[in-house]
Amino acid sequence: MRLALLADIHSNQFALFAVLDHLQRQNVDQVIFCSDYAFGGSGSNEVIDLLMSYNSHPIVAISGNKEDYISPI
């Protein structure tokens with residue numbers, strides 16, 4: 001199984017878009033996002049939208065300390 005590990009995008013929708021675009025051309029079985037995808041930049045909504053609409057590979061998103069601000073789990 002080939003995994004892609006991502007972490008610490010901190011709302012940089014341009015970087016996330018580039019990485020997800022690159023992954024679509026790779027032989028990856030699953031994407032694991034290791035926290036801190038939101039906050040720290042101006043594109044929090046865009047990052048969440050990108051993650052929710054990405055369907056080329058299964059994604060597991062692990063919440064980090066920044067995600068505690070948006071989801072009290």
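The values are calculated or read from the model by the stated rules, or taken from the named source; none is laboratory data. Owing to the predicted nature of the structure, the values given are computational and were not obtained by experimental measurement. Note that each Cβ is placed from the backbone with ideal geometry, even for glycine, and that neighbours are counted across all protein chains shown.
The set of residues in the stretch 1-20 that are in contact with a strand residue (DSSP E or B) (Cβ under 9 Å, 6 or more places away or on another chain) and in a loop (DSSP other than H, G, I, E, B) comprises 1, 2, 7, 8, 9.
Just one residue in the set 44, 35 is surrounded by 11 or more Cβ atoms within 10 Å (Cβ to Cβ) and at positive phi; that residue is 35. Residues in the stretch 42-71 that are in a loop (DSSP other than H, G, I, E, B) and modelled with pLDDT under 70 were compared, and the one that is nearest to the chain's Cα centre (by Cα) is 66. Please find, within the stretch 21-32, the residue that is surrounded by the most Cβ atoms within 10 Å (Cβ to Cβ) out of those that are not polar (S, T, N, Q) and not in a loop (DSSP other than H, G, I, E, B). So, considering only residues that are not polar (S, T, N, Q) and not in a loop (DSSP other than H, G, I, E, B), the one surrounded by the most Cβ atoms within 10 Å (Cβ to Cβ) is 31. Here is the figure for the stretch 12-36: residues that are farther than 17 Å from residue 61 by Cα and touching a helix residue (DSSP H, G or I) at 6+ places or on another chain (Cβ under 7 Å) total 0.
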